[in-house]
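Notes to accompany the following structure.
The values are calculated or read from the model by the stated rules, or taken from the named source; none is laboratory data. The structure displayed is predicted, hence computed values, not measured ones. Every residue, glycine among them, receives a Cβ derived from its backbone with ideal geometry; neighbour counts consider all protein chains shown. Just the protein is used for accessible areas: all its heavy atoms, side chains included, with ligands, DNA and RNA removed. Shrake-Rupley method; radii C 1.70, N 1.55, O 1.52, S 1.80 Å.
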Amino acid sequence: MFESLRNEKRPPYTAPVFSADLKAGITLSANYVPTAMALGVISGLGPLAGLWCGVLVGFVAAACGGTRALVSGPSAVLAVITATLVTGDQYSLSEIAVIIVMAGAMQIGLGLAGIGRFVSYMPHIVLTGFMSGIGVLLLWKQAYKLFHLGAADLAIAGGGLVLMAVWPARAGKLLPSALAVVAIGWLVTVFLPGAERLGPVPVGLPVPVLETPSLEFLSEAVGPAALVALISSVYSLMWSLLADTFTNSQHNPNRELLAQGLGNLVAGAAGVLPGGATIATMSARRFGGKTVIAGVICLLIIAALILSLGPYVAPLPIAALTAIVMLVGWKMIDFSFLRKLRRMDAKFSSVMLLTMGATIFIDPFFAIVLGVIAANIVNASRIESLELDSVVSVPILDSTFDPAADTFDAHVGLLAFRGTFTVSSSRKLIRQAGEDIRDHDVVIFDFSGTTHIDDSAANVICVLIDRAKQTGTEVVIFGDLSRISRTLYTFGVLDRIPKDRIVDTEEEARELAWSLVKRP
C-alpha cells in the first residue's frame, strides 16, 4: 500500500535553485497575503482564517506532498463552499471544523487506497461548469456587496479592477498587482474617509473550535465533507499536472492526496479554511521559483506577519479586497469554453450549462452530483452504441456442418461479445440479442474476445440464457473465461449452463452445437 506513496528520484537541490526559490518566495508573499485575506473574508471566517489556511495547509502539503513545485493554501472555490456553510446558519463553527476534518480524512483514505489518479477523472464539462459557476457567484456576491456600500467603496473597487487589468506583467514580478491595489486603496482612504475599513484583526495563533460531534451530525456532514474533499483533491491534482510541465518531473497523486488531506485535517482542527493547491503555484513559477521551497519561504514570511499584522491592516478598505476577489472570480469563468458551446454537441454543452446553473442558483454540492449524473448519462449513450457495435450475431448455415443439409437452413446461431459490456448497453442488448436467439435451435455464446463484463451486463446474459430455455433453445459457451469468470460466477451465469456445454474453442463449440441439433 505504501509503495504507491513513494516519489520518484528527484534532481539534487543546489545553491542556485535555493537562490531562485528565495527570491520567488519573497515576491510571492507580497502577492499571497492580500489574496488569502480576501478569500478569508468572503468565506465568512475572517482574513486571519485565510492566512492561517495558507500557513498550515501550505506547510503540511509542502512537507508531505508528491509534487515538486506546488503551493497550497486557500482557494476561491473552497472559500465559496465554506461561505455557504457559514452563512446558511445550518452549521456552527465547531461543526464546520468537523466537516473540514472529515474531508481531510477522506483525502487521506483516497491516498492510502492508491486511487489518487482516478480522482482527477471528473468529466471536464462538469468541472468547467462548476468552476465557472463559482466564478459567477463570486462576481455577483461581491458586486452586490459593493452596491450596498458607498460611492467611495465603488470608486476604490473600480479603480482597483482597472489597475489590475492594466498592470504590466514585467512590473508584476517586482510588485504584484494585488499588493499594489491594497497599498493604493490604503492611501486613498485618507482622502475618502467614507470607505468601509476592515477593522481590527486579532493576531496570534489560531484558536481551535473543534468539538466532539454527535453521531447524528456525522451522518449529516458526510455530503459537505465529500464535496470539500472532492474539490480540494481534483483541484490539487490539476495543479500538480500543470506543475509537472514546467519542472520536467512527475508527481505522485496518492502522496499528494495524503498531503492535502493531512493539511485539511490540521486546518479543521485549528478552525481555519480548508485548502488545496492554488494558482500561487503558477505565480511562484512566474517569479522564478523552482521547487516547493519557494512556497515554504513565502509561508514563513506570512507566519511572521500574522503574529503582528492586526494593527496595520485595520485601516485597509474592504473594497480593495473585494476587487481582488472579483478578479479571481472573473478568471475562474472559462470564457474560452463558453465560446465553444455553439460548435459543441448539444448534449455536452447542456451538461456544462446545467452544472453551472445549479452551482449559481441551487447549491454547489447538488451541482456536482447533478453534473456527474448528467455527464454519465451522456457518456452512457455514446458507450451504448460502441458496445452494441461489438456484438456480432450471425446464423451458421447447416451446410457448413453437413454439405447434404438444406442450403438455407440455419439451426445454429453465433452470438459473439467483443470487448467491454456494461450497464450502458444492457437494455438494448436484451432486445437485440433476444430476437436472434428465438430464430435458432442452438445458440453459441462466444466470449473469446470479451475483456470486461459488469454486473448489469452479466445480469443481461442471465436473462438471455433464461429466454433461450423458455423457447427451447440450447446454449453453448466457449472462449477464455479467465478475465470474466469471477463476474460470471458471482451473478450465476455459468450456473445456468451444464458443464458439458462450456468448451474452450470455437471448433469444439460448433461440433457440440451440431450434435445437439441432430439429437432426436
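Taking the stated definitions as given, is residue 299 of a type outside the set (Asp, Glu) and modelled with pLDDT under 85?
Against the criterion (of a type outside the set (Asp, Glu) and modelled with pLDDT under 85), residue 299 does not qualify.
Output the residues belonging to segment 328-378 that are among the aromatic types (Phe, Trp, Tyr) and open to solvent by 60 Å² or more (accessible area, probe 1.4 Å).
330, 335, 361, 365, 366 - these are the residues of segment 328-378 that are among the aromatic types (Phe, Trp, Tyr) and open to solvent by 60 Å² or more (accessible area, probe 1.4 Å).
If I filter segment 423-452 down to residues being open to solvent by less than 10 Å² (accessible area, probe 1.4 Å) and modelled with pLDDT of 80 or more, which single residue comes out as farthest from residue 469 (Cα to Cα)?
Looking at the filtered set, the residue picked out is 450.
Looking at segment 379-417 only, could you name the residues that are outside any strand (DSSP E or B), out of contact with any Leu (no Cβ under 6 Å at 6 or more places or on another chain), open to solvent by 20 Å² or more (accessible area, probe 1.4 Å) and modelled with pLDDT of 75 or more?
Just the residues of segment 379-417 that are outside any strand (DSSP E or B), to begin with: 379-390, 397-411.
Now restrict to residues that are out of contact with any Leu (no Cβ under 6 Å at 6 or more places or on another chain): 379-390, 397-409, 411.
Narrowing the set further to residues that are open to solvent by 20 Å² or more (accessible area, probe 1.4 Å) leaves 379-386, 388-390, 397, 399-409, 411.
Correct list: 397, 399, 400, 401, 402, 403, 409, 411.
Quickly run through segment 274-296 and pick out the residues that are buried (at least 22 other Cβ atoms within 10 Å of the Cβ) and part of a helix (DSSP H, G or I). Steps first, please.
Taking segment 274-296 and keeping what is buried (at least 22 other Cβ atoms within 10 Å of the Cβ), we get 274-278, 280-281, 283-284, 287, 289-292, 294-295.
Hits for segment 274-296 are 280, 281, 283, 284, 294, 295.
Of everything in segment 130-142 that's over 30 Å from residue 256 (Cα atoms) and either basic (Lys, Arg) or modelled with pLDDT of 85 or more (or both), which residue is least open to solvent (accessible area, probe 1.4 Å)? Outline the logic, then answer.
So the first thing to find is which residues in segment 130-142 are over 30 Å from residue 256 (Cα atoms), and the list is 139-142.
Remaining after also requiring either basic (Lys, Arg) or modelled with pLDDT of 85 or more (or both): 139-141.
Values: 139: 38, 140: 160, 141: 92 Å².
My answer is 139.
State which residue is most open to solvent (accessible area, probe 1.4 Å) when the search covers only segment 481-507 and only residues that are of a type in the set (D, E, K, R) and closer than 17 Å to residue 457 by Cβ.
486
Suppose we filter 39, 28, 22 for residues that are over 20 Å from residue 318 (Cα atoms), at pLDDT 85 or above and not basic (Lys, Arg); which single one remains?
Values: 39 fails: over 20 Å from residue 318 (Cα atoms); 28 fails: at pLDDT 85 or above.
Being over 20 Å from residue 318 (Cα atoms), at pLDDT 85 or above and not basic (Lys, Arg) holds for just one of 39, 28, 22, which is 22.
Taking residue 49 and the conditions (1) within 24 Å of residue 116 (Cα to Cα); (2) buried (at least 24 other Cβ atoms within 10 Å of the Cβ); (3) of a type in the set (Gly, Ala, Ser), which numbered condition does it fall short on, given that it satisfies the others?
Condition not satisfied by residue 49: (1).
Only residues that are of a type in the set (S, T, N, Q) and surrounded by 24 or more Cβ atoms within 10 Å (Cβ to Cβ): list them for segment 11-26, please.
Passing the criteria: none in range.
From the list 261, 271, which one is within 20 Å of residue 35 (Cα to Cα) and crowded, with 19+ Cβ neighbours inside 10 Å? Spell out the reasoning first.
On the way: 261 fails: within 20 Å of residue 35 (Cα to Cα).
Within the list 261, 271, the selection yields 271.
One residue is enough: does segment 488-498 have a residue meeting the conditions closer than 24 Å to residue 409 by Cβ and modelled with pLDDT under 90?
no
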